[in-house]
Amino acid sequence: MDNNKITITINDRDYQVVAGQTIMQAADQCGYHIPRLCYHPKLSIEGACRVCIVQVEGAKNHVASCACPVADGMKIHTNTKELRQARRDIVELLLDNHPEDCHTCERDGNCELQRLAYSMGIRHRHFTGERKHYEKDLSGASVIRDPDKCILCGRCVRMCSEIQGVHCLTQAHRGFNTVVMPAYNLPFAETVCSGCGQCINVCPTASFVEKNHTQELFETLSDKSLVKVAQFAPSVRAAIGEAFGLAAGRNMEGELIAAMRKMGFDYVFDTQFAADLTIMEEGSEFLERIQSGGPLPLITSCSSAWMKYMEQFYPDLIDNISTAKSPMSMASALFKTYWAEKMDIAPKKILSVAAMCCTAKKYEAARPELDVNGMRATDIVVTTREMAWMIKSAGIDFVNIEPEKPDTPLGLSSGAGAIFGVTGGVMEAAVRTAYELYTGETLVDIEMAAIRGFQGIKEATVTIDGKDLRLVVAHGLGNAHQVMEMVREDPSRFHFVEIMGCPGGCIGGGGQPYATANSIPLDEEALRLRAQALYDLDRGKTIRRSHDNPDIQRLYKEFLGRPLSEKAHELLHTHYEAHLPKGIVSPNLKVV
Amino acid sequence: MTATYRIIVCDGTTCINSGARRLTALLKEHLDKHDLTETVTIGLSGCLGMCDKGPIMVVNPGYTIYGGLSEADIPKIVEEHLIKGQPIARLAIQEDHLYNRFFRVFGDDKFFGHQMRITLRNCGIIDPESIDDYLSLRGYEALAKAITDMTPEQVVAEVESSGLRGRGGAGFSTGTKWKFTAAQEATPKYVICNADEGDPGAFMDRSAIEGDPHTIVEGMAIAGYAVGADKGIVYIRAEYPLAIRRITKAIEDARAHGLLGDNVLGSDFSFDIEIRLGAGAFVCGEETALIHSIEGARGMPRPRPPYPSVRGLFGQPTLINNVETWANIPVIILDGANWFKTVGTETSKGTKVFALAGKVVNTGLIEVPMGTTLREIIYDIGGGIPQGKTFKAVQTGGPSGGCLPEEYLDTPIDYDSLAKAGSIMGSGGMIVIDEDSCMVDIAKFFLEFTQNESCGKCTPCREGTKRMLEILTRITEGKGQNGDIEKLERLGHMIIKSSLCGLGQSAPNPVLSTIKNFRVEYEEHITEGKCRARACSNLLTYEIIDTCVGCGACRKVCPVAAISGSPKKEHVIDQEKCVKCGMCFNTCKFDAIAKV
């Protein structure tokens, strides 16, 4: 017999389970899904909601199954009359202090509290009374906070601190007055919030939602005086199907293009093209720094949440950040210059819209230094969720639509552009190009297993022309923080650093579809399937290196000249500034 | 080298009359003669209480009490005791256990007669800011004994064998906690003194620290040795400035005397203590919340296991005990577990300190052996109910304890009997309630406190206590509904069984125990709109009865001009206007205003 196994009894049936796990984990494996709310497998155990209580024989009180480890001989009951009533009452208490506005709520039909209340069989209320009321915080460029809808499960607080390392949110006040807020209740716009939107991903209700731009977009789409140009990020195609009930990992690229055209976009380009362009610029920047001796490591800059985080917490490393704009901002800059010229359209007439897996891109789009010739480069950013809702709202049969191809010349992309959406993808794409630019030889084995997968920090070494280059990839800002501390400690430790602000990279972005009834937010398997969709996309392409993209070659030939040219610098590069966070002064922070 | 002594001469009236001051002068002469003025100091104390045996002189260390002294005895004491170190048995008054000292000091009147002071043994006797005073009363002897004569295992075994249970409220076996912490291999380990006393009206821990801070320091150092910790933290609420000052000084003095710091008493054992101030959150008395608070995080409890003894402060094994628990440790080490076990009941050993308050003649701080009955405390020590009123209930255990009616007065005080009766030991609040108090109102008062102090983390406590309070409020306002009592019971039981920490698990106690023992009062409020104690203002009317002489005093104080009447004629209250503030009632000198 396996020494590691113990015998427990659940609802009078014996089970052999592995020791060291919690009652909830053991019950999951034995086929009992204990109701739960504050629990999330990626976050620390909070034990706050008390929905997952069970009875353990010999224990005086109910036991939170998420927190309590199993023990040999433990007799557990998960579904007694007393438990059903206690759980029901606990969920009712949450409802009693929650707005009764399900029908007009952002999360209607996709709310964990709603589902839980239904499954608890709450058909009438016993304990109604005073309800909390706080003002919504509408100040943020990316994330809206509505404390009225908060049920204080603390997932957002844990996500923001444990995974993202931002520590923007905390519980404040006591008892019935407890509320989740940033330090000093500062408006989001003034806080250290990176805009990553992971609080939205893990929120069981609509206490956190993205700043919604769907109505604005619908309005402008009907404006006939404008030329409506869209782009969409790699990860949007890999996830949007989930919002329509499809399994995770279906690549919906063609359907998305077709749907956007039906919605009124005149041109639909692919951000993957701009990803290829980013590789050309960033790869060249890397080579230049290698040759000129620095500053190294070069750190990627395409994740907008990461950029804000870096400016606040690592301003001392600004010189190490690639000046290349994100693919979205590069594409938008080209829409209103190169493409406008080519199409003979007045740039002011162009409406540049980006469908992104990201909430922080809303913040990025508003950064003034990204303006092109006095115009905002990206006029509107909508998330995958918003785009999915708009498609539904517009009455488009997304699932059965005939797929279409993107417009050219800013639509054709290599496989390298596709994998931008997964952690490690930028690095992999950059190596494919840098290797060839540097050595003049073609890299044969282009798939880098060492930097694929969801390990938080991944290191690899690649030899280019006899020189060992040390690479490191991190996703999630908490992991980024760790890598930055390594860099601070020993700048020579790495040559090239890829950072993605969200867990898993853009595929796990804060703007991706909500988890459904049968999944959990940021479910590892769903992330893996989304990633696989992008890797498959890469493999299915004949062109897999950014520099081989003929439209990229043409763009340089016709317009930019060469990577890092003056024109390229003007349109495709940017700069960063230190932002001392209000109220929080890190001892490591150098005041610039 | 001559030993150092401190001699306390009783400076009470009787001893002075029987020649104490003359003897003191003589003692000084002899000390001069033998060149002992450097090493022997003389101090005075208040009345030691043994007036028939005066004049009295106490020689420390050793606590030798000499009584009935004459001039001829002084040179003998100097030569035999102070120079040769041989106490003179013939002159000494009988020696026995540490705790008795207090009663030798304060005599045996009714208030003290039923008490037994183990943890408060030095309070009121020593100068709490003087380490010499503490040392002179066998202070730090227990630490020395532990370090030199005992292995850490033996110390843990002694504490375990004593049967001491945590005095913070839950009553968990102290020895077991020590054993668990000692068994952990991870280092560093921490020892914490929980001095975040938060119960309204409770001042046991504050008094203990203010009166005898070194006992806590000594107890913690012994624990540090026993469990292998080299760092101690006293977590004390910032609202206790005097206690903070005294414990800070005690730590500094102990450090200066080599009793804390590196190589305590020249041994290999090193231990030091620092102070952390709490910011006034009641929940920070809960051990995991307290640990979070020290770590700089929001003071919210977390689920256990893991217990702090396994993963506590900064993730390290941590032993956390309450002030009163710590104060027992030096006594257990010095007098031994076998002696300690003789005090108390089968399952609860030792004494318990209570803050006796409410409708009782003698209020104050008392320490009684476990097993003393509620009746003995209230009527013998407390002197009964003032103004001839009738006893109604006693509330034990602070804001989350239960209210016990008369039939429970013979309940012996120990953890298990109180729990069985439907209350808790808690940290030692004891509030006596008489006929003038409404039990619904009392329940509301306590719940209001716990509801306010809920940390807001877990649903049952945060949301559930709020709903209970709303129901109680409407009952006291005469707006109770049928089914409200059942809702209170349903919520109360759920909250007790489902909450994350001890705060929620006990918050409904005052409500449930008053429903159990005084259900009829709840029913009267709801169905008859009546408050028998006339405490719920919404449920009573003020009326002027025929003893009114028409003095007009009530008319003048009424803030809403609800009272009318001509001079020397009976006045009338307009019930429509009356806001039931009670000012007329308090003003009337003729008992002419009745609560109806």
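Coordinate-derived values only; no laboratory data. Note that the structure is a prediction, hence the values are computed from the model and not measured. In this analysis, Cβ positions are derived from the backbone assuming ideal geometry, glycine residues included, and neighbour counts consider all displayed protein chains.
Between B:Cys554, B:Asn328, B:Ala355, the Cα set farthest toward the positive side of the dipole of chain B (charges on each charged residue's Cβ, about the Cα centre) is that of B:Cys554. Within segment A:456-516, all pairs of alpha-carbon atoms sorted by distance into 5 Å bins from zero give the percentages 4, 18, 23, 20, 13, 11, 6, 4, 2, 0. A DSSP coil position with no more than 11 other Cβ atoms inside 10 Å describes the following GluC sites (Glu not before Pro) in segment A:56-96: A:Glu57. Non-local amide H neighbours of B:Ile593 (under 5 Å, H modeled in plane, Pro and chain starts lacking H): which ones? Answer set, sorted by chain and number: B:Ile545. Express the relative contact order of chain B as a whole percentage, based on alpha carbon pairs under 8 Å and six or more residues apart in sequence. Relative contact order here is 10 percent. Using the alpha-carbon positions of segment B:443-596, Rg (one decimal) and Dmax (whole number) come out as 20.0, 64 Å. The label point for A:Thr104 and the one for A:Arg84, both projected 7 Å from the Cα toward the Cβ, are 3.6 nm apart.
Here the Karplus relation 6.51 cos²θ - 1.76 cosθ + 1.60, evaluated at θ = phi - 60°, turns the backbone of segment B:470-482 into coupling constants of 4, 5, 4, 4, 5, 5, 5, 8, x, 10, x, 10, 4 Hz, with x for every Gly and Pro. Summarised in one figure, the compactness ratio Rg/Rh of chain B, Cα atoms and Kirkwood Rh, is 1.06.
Between 0 and 90 degrees, the angle of helix B:439-453 with respect to the longest Cα principal axis of chain B falls at about 60 degrees.
3J(HN,Hα) along segment A:438-455, derived from phi through the Karplus expression 6.51 cos²θ - 1.76 cosθ + 1.60 where θ = phi - 60°, amounts to 7, 8, x, 9, 8, 6, 7, 8, 8, 8, 9, 4, 4, 10, 9, x, 9, 4 Hz, with x in place of Gly and Pro.
Can you work out the FRET efficiency for the pair B:Thr187 and A:Ser44, with r the C-beta to C-beta distance and R0 = 22 Å, to the nearest 0.05? That pair, B:Thr187 with A:Ser44, gives E of 0.40. Residues in segment B:500-513 carry Karplus couplings, in order, of 6, 10, x, 4, x, 5, 10, 4, x, 3, x, 6, 5, 6 Hz; the curve used is 6.51 cos²θ - 1.76 cosθ + 1.60 with θ = phi - 60°, and Gly or Pro positions show x. For segment A:214-572, a Kirkwood hydrodynamic radius built from all Cα pairs, placed in the Stokes-Einstein relation at 25 °C and 0.890 mPa s, yields a translational diffusion coefficient of 122 µm²/s. Using the alpha carbons alone, the radius of gyration of segment A:392-468 stands to its Kirkwood radius in an Rg to Rh ratio of 1.15.
If you take the Cα centroid of segment B:528-573 and the Cα centroid of segment B:365-420, the two points sit 37 Å apart.
For segment A:5-79, the direction-averaged projected area of the alpha-carbon convex hull comes to 4.6 nm². Over the C-alpha trace of segment A:23-135, radius of gyration and Dmax come out as 15.4, 50 angstrom. Within chain A, antiparallel bridges make up roughly 55 percent of the DSSP beta bridges whose residues both belong there.
Whose amide H sits under 5 Å from the amide H of A:Gly476, counting only residues 5 or more places off or on another chain, with H placed in the peptide plane? The answer is A:Met500, A:Gly501, A:Cys502, A:Gly504, A:Gly505. Scanning residues 5 or more positions from B:Thr351 or on other chains, those with amide H under 5 Å from its amide H are B:Met370, with H placed 1.01 Å from N in the peptide plane. Can you work out the PRE-style zone for A:His173? Point 7 Å along Cα to Cβ, and I want the residues of segment B:492-508 with backbone N under 17 Å. Of the residues in segment B:492-508, none has backbone N under 17 Å from the label point off A:His173. How tilted is helix A:524-539 with respect to the longest principal axis of chain A? Cα atoms for both, answer in degrees (0 to 90, nearest 10). For helix A:524-539, the angle is close to 20 degrees. Modelled this way, with points 7 Å down the Cα-to-C-beta line, the labels at A:Arg125 and B:Lys420 are 4.4 nm from one another. Determine the shielding of peptide B:470-479 by partner chains: average, over its residues, the number of Cβ atoms on other chains within 10 angstrom of each Cβ. Taking the mean over all residues of the peptide, I get 1. Neighbouring Cβ atoms from other chains, within 10 Å of the Cβ of residues in B:429-438, number 0 on average. On the basis of the beta-carbon distance and an R0 of 25 Å, A:Asp397 and A:Tyr118 show a calculated FRET efficiency of 0.30.
Once the convex hull of all Cα atoms in segment A:143-210 is built, its volume per residue stands at 76 Å³.
If the limit is 32 Å between Cα atoms, which of A:Lys392/A:Lys557; A:Lys541/A:Lys567; A:Lys211/A:Lys348; B:Lys28/B:Lys352 go over it?
Going by Cα-Cα distance, A:Lys392/A:Lys557; B:Lys28/B:Lys352 fall outside the 32 Å limit.
Scaling against 2.2 N^0.38 Å puts the C-alpha radius of gyration of the protein assembly as shown at 1.17. Put a plus charge on the Cβ of each Lys and Arg, a minus charge on the Cβ of each Asp and Glu, and nothing anywhere else: the dipole of the protein assembly as shown about its Cα centre is then about 2120 debye. The smallest convex shape that holds all Cα atoms of segment B:541-595, its convex hull, gives 62 Å³ per residue.
Relative to the longest principal axis of the Cα atoms of chain B, helix B:213-227 runs at roughly 70 degrees. Look at where the Cα atoms of segment A:340-407 and of segment A:265-285 average out, and the two centres are 14 Å apart.
When you restrict to C-alpha pairs under 8 Å that are six or more residues apart and normalise by the size of segment A:477-592, the relative contact order lands at 10 percent. Cut-off 18 Å, label point 7 angstrom out along Cα-to-Cβ of B:Lys595: give me the residues of segment B:508-530 whose amide nitrogen falls inside. B:521-526, B:528-530, by backbone N distance to the label point. Take every Cα pair under 8 Å whose residues are at least 6 apart in sequence, average their separation, divide by the length of segment B:351-434, and the relative contact order is 37 percent. Just to be sure I understand the model, the point goes 7 Å from the Cα along the line to the Cβ. What's the resulting A:Ser139 to B:Arg255 distance in nm? Going from the A:Ser139 label point to the B:Arg255 one covers 4.2 nm. For segment B:290-419, taking the reciprocal of the average inverse distance between every pair of different Cα atoms yields a Kirkwood hydrodynamic radius of 17.3 Å.
A Förster radius of 30 Å combined with the Cβ-Cβ distance from A:Ser292 to A:Lys567 puts the calculated FRET efficiency at roughly 0.90.
Need one word for segment B:201-344: rounded, prolate or oblate. Basis is the Cα gyration tensor (sqrt eigenvalues a ≥ b ≥ c); a/c below 1.5 gives rounded, then a/b vs b/c decides. Verdict is rounded for segment B:201-344.
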